[in-house]
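Below is one structure, written out as structure tokens; the observations come after it.
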Amino acid sequence: LSRSVRSRRFGFAPAGWRAEVTQVIDDELGGPNPDQSFDQRITEVLMRLGWTEDAGMPRPLCNAPLFDLDGRHIGTPDLVDPVAGVIGEYDGVWHLADARRDKDLEREARFRGHGLEGATMVRGDLVDPTGFVQRLTAAYD
């Protein structure tokens, strides 16, 4: 989606807009998620739109927990295409801290160890999704 379309969807709005936008976000992501902030939810909607609209890939599941064949939790990626084995993660500024970055790399290795390929979206991709689309396309190849 173009920047102007994204701005119209999530730009400035009149009083009371948050409840209406929250309902749209919940609908887009398959229901409410009390473990995530409002900003995280908006980012995931934009990421999913980049996945389907910009990259033309099948609609992914949002925040679906993944388990190995023994029932152990591997992780819960932001987005996943379970048929293709592709996951998507959004790395905001909180992912830059050393301890968090270490955990992200461990998590990425766990996913990859189970045959899942990932594509990461970063803040700049929200304005111009070209880089994310390229990373996602490579994950599908």
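Some values worked out for this structure:
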quantity: Total residues in the range 63-80, condition within 14 Å of residue 112 (Cα to Cα) and surrounded by 14 or more Cβ atoms within 10 Å (Cβ to Cβ); calculated: 6
quantity: Residues satisfying the stated conditions in the range 106-141, i.e. in contact with a strand residue (DSSP E or B) (Cβ under 7 Å, 6 or more places away or on another chain), touching a residue at least 24 places away in the same chain (Cβ under 8 Å) and of a type in the set (Asp, Glu); calculated: 117
quantity: Matching helices (runs of 4 or more DSSP H) fully within the range 17-134 where at least 2 residues are of a type in the set (Gly, Ala, Ser) and either modelled with pLDDT of 90 or more or more than 11 Å from the chain's Cα centre (by Cα) (or both); calculated: 98-113
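The values are calculated or read from the model by the stated rules, or taken from the named source; none is laboratory data. From a predicted model like this one, the values you see are computed outputs, not experimental measurements. Cβ atoms come from the backbone with ideal geometry, glycine included; neighbour counts cover every protein chain shown.
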